[in-house]
Amino acid sequence: MQPIWQKEITYLKKVGPKRAEVLAKEAGIRTYLDLLHYYPRKYVDRSQQKRISDITEEGQHVALVGKITRIEVVKTKRGRGRLSATFTDGSGFLELTWFQGVKWLQASLKKGEEIALFGRVSRYGGSFQISHPEIDKLSDDNGKKHVLQIVPFYPSTEKLGRMGLDSRGFRTITHQMLEEAGNLIGENLSQSIMQTNNLISHKAALQFLHYPASFAKLRQAQYRIKFEEFFFFQLLLARRRLKARHQNQAPPFTRIGEYFNTFFEAHMPFSLTDAQKRVLKEIRRDLALPAQMNRLVQGDVGSGKTMVAFMSMLIAKDNGFQAALMAPTAILAEQHYKKISRMAAKVGLKTCILVGGQRKKERKEILEGVASGEFDLVIGTHALIEKTVVFKQLGLVVVDEQHKFGVEQRAKLWQKGSPFPHNLVMTATPIPRTLAMTVYGDVDVSIIDKLPPGRKPIETRVHGESKRLEVLGFIKNQIDQGRQAYVVYPLVEESEKLDLIAVVKGHELLERYFTDYRVGIVHGKMHPDDKEFEMQRFVRNETQILVSTTVIEVGVDVPNSTIMVIENAERFGLSQLHQLRGRVGRGQNKSYCILMAGKKVSADGRKRLKAMRETQDGFKISEIDLELRGPGDFLGTRQSGLPEFHLANIVEDRPILEAAREAAFTLAQEDPNLVAPENAHIRQYLMRYQKAVNLLS
Ligand code: ADP
Ligand code: MG
């Protein structure tokens, strides 16, 4: 676009330095371009011109064109008086009244001048009148903007309003801007993309967004602008992906050999679900390429991600490479180690575990075994990324619960392979497809969307404080049958002290009630070793009830636990509730999730509890969560890398997102450097866009 768009808004006629200052402060509008992108919040149809003789009742909104035949200030007892005028369009007469802006209006409205007006009709005495009509002077060279068309309403603030920049004031300046510069709005897409996707031009879209000729045109304009907002972001992602493919070479795993086949045919303890098979196939396809795999596997708790990871690790071995799996906690690493080492041994592979706190001698032996290649599979915590850990030949890195690790930690682990190892990330915190598509344009996403057969649904109940005794009785009944229970309390920084008191009190209460059983406690303020100790006691059923803050959120697997009680459940986020619930329902016995609701539950809180009661599908839950919180909050805006879309909404405009993504990825394939003449506009626009978007590294 032309440099005029960088021109400071203060130079626009009818703005000036004072208004410019307020525009910048209150609305972030500094340039012509900012104002161009300051879109109306709603539109009101004032396009149907009526005649005064048509007016039959009060309350009607009408647009009229005519002349003022009388205008005068009428003194009132208090205040500055009101302005009273008579208006006619030849078919009848109408009274107009103003109580505000009297002076200014009196100076600007002339008898006999042709005006268009819009307002709500009321009856005063025997005749109809309109108070505070909106007025356009038809003699103005600027023509109409407030009346006789679909009229835009702009967001404003009190301070803007005080400077005359209410909706009406904004209309004046956007109109002025389009008069001055509208013809200079350039195109930023190619003809072929516009044709394929049925898009109107960039220029028409922006003009119609401010002043739509009809509601149909408005919809076309909105579609076009949303499309391009998505398109340029997706194009950026598509290009990053191509670049990564090109740069990050990795060893191609072309063989599916003995380890994989033998395990699959002779030792697989169950048949894989279709979802597991599909994801494994996607992984195999990626691994066979000489470019680094970057795949995220999303699967609800219990969907069987471990087996998928293990089979992928076998493929690495089939091609002569070691594989590593990194888990966020020692307990989780332990659990993975137990399962995986047992399975690996069946095909003659050796597994080791590397976590903090191991004895020096033991650690030394492990490190030597990893370096010499004696160990084929290496499981661990972030202890794996320490400098001293050297692999003989690392070909695949699996990261469990990736959101618990920073980008840097994962990158450090990759650097232990040369060339880069393939990268598989597993998460039980599903991100809705729409969002995954937006954020992870450069990561491939696989979804395990079915649980293994035979899972018993978890019964979820919501109770208030009045049911406390009943709940205690219910827990007792389960424990008497040999089961175990979790009781989880919220803990947030703002009310940390109070929250900790609540946990400790809750623990005391349970100890008093369950005199025949042991009640353990784990919270974030404890020393890690003590936490670990308490957790292990629970794992071994030495404690029957575990009271905790959310530290048990991730991954612990105690199949004998059948009750999850969540205190003040309304204070938890939806995905957190779902994760917590996933701690039960892992064994043979029917499980229960009991959500204890506090006294004050917000509307959103109620929606969360309702969602929990109604579904156990992690993806559905994440969709609802996204709807309730909005994308920024859902991902944590700062680290999400999502740009701010002015008009588009990734939840509501999913079909547009899909079309834009398709167009962007196709273009990136066909003309990666955007050298074709027809893509020149796209290239220019992208360069400016790239600078503006602060992307996630
Ligand atoms: P998650 O996806 O939460 O990591 P896991 O991999 O721990 O889930 O699997 C949960 C449980 O389901 C494990 O006990 C595992 O052995 C079992 N499992 C996994 N896949 C299947 C399957 N296809 N059929 C039956 N059980 C399975
Ligand atoms: Mg798991």
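The values are calculated or read from the model by the stated rules, or taken from the named source; none is laboratory data. What you see is a predicted model; the values in this text were computed from it and never measured. Cβ placement follows ideal geometry from the backbone for every residue including glycine, while neighbour counts extend to all protein chains displayed. Just so you know, the surface numbers come from the protein's heavy atoms only, side chains and all, with ligands and any DNA or RNA stripped out. Shrake-Rupley method; radii C 1.70, N 1.55, O 1.52, S 1.80 Å.
Does any residue of segment 36-57 turn out to be open to solvent by less than 30 Å² (accessible area, probe 1.4 Å), closer than 30 Å to ALA204 by Cβ and part of a helix (DSSP H, G or I)? Yes, segment 36-57 contains at least one residue that is open to solvent by less than 30 Å² (accessible area, probe 1.4 Å), closer than 30 Å to ALA204 by Cβ and part of a helix (DSSP H, G or I). Among the residues making up segment 304-347, those that are in contact (Cβ under 8 Å) with a residue 40 or more places away in the chain, within 14 Å of ligand 2 (Cβ to nearest atom) and more than 29 Å from LEU289 (Cβ to Cβ) are THR329, ILE331, LEU332, ALA333, GLN335, TYR337.
Does GLU570 fit the bill of being of a type in the set (D, E, K, R) and surrounded by 21 or more Cβ atoms within 10 Å (Cβ to Cβ)? Yes.
From the list ILE353, ILE340, ILE283, which one is β-branched (Val, Ile, Thr), in contact with a Gly (Cβ under 8 Å, 6 or more places away or on another chain) and at pLDDT 95 or above?
Checking each option against the conditions leaves just ILE353.
Only a single item in (1) open to solvent by 20 Å² or more (accessible area, probe 1.4 Å); (2) within 13 Å of ligand 1 (Cβ to nearest atom); (3) on the phi < 0 side of the Ramachandran plot is not met by GLY299, and it is number (1). Selection of segment 207-232 for residues being without any contact (Cβ under 8 Å) to a residue 40 or more places away in the chain, open to solvent by 10 Å² or more (accessible area, probe 1.4 Å) and among the hydrophobic types (A, V, I, L, M, F, W, C) yields PHE208, ALA216.
Filtered by the rule that a residue be among the hydrophobic types (A, V, I, L, M, F, W, C) and within 22 Å of TYR154 (Cβ to Cβ), segment 29-55 gives ILE29, LEU33, LEU35, LEU36, VAL44.
Looking at segment 170-206, which of the residues that are in a helix (DSSP H, G or I) and of a type in the set (Gly, Ala, Ser) is surrounded by the fewest Cβ atoms within 10 Å (Cβ to Cβ)?
The extreme case among them is SER192.
SER591 passes every criterion in (1) open to solvent by 10 Å² or more (accessible area, probe 1.4 Å); (2) out of contact with any helix residue (DSSP H, G or I) (no Cβ under 8 Å at 6 or more places or on another chain); (3) in contact (Cβ under 8 Å) with a residue 40 or more places away in the chain; (4) within 16 Å of ligand 1 (Cβ to nearest atom) apart from (1). What do you reckon, is LEU235 more than 30 Å from ALA309 (Cβ to Cβ), open to solvent by less than 60 Å² (accessible area, probe 1.4 Å) and either modelled with pLDDT under 90 or more than 16 Å from ligand 2 (Cβ to nearest atom) (or both)? The answer is yes for LEU235.
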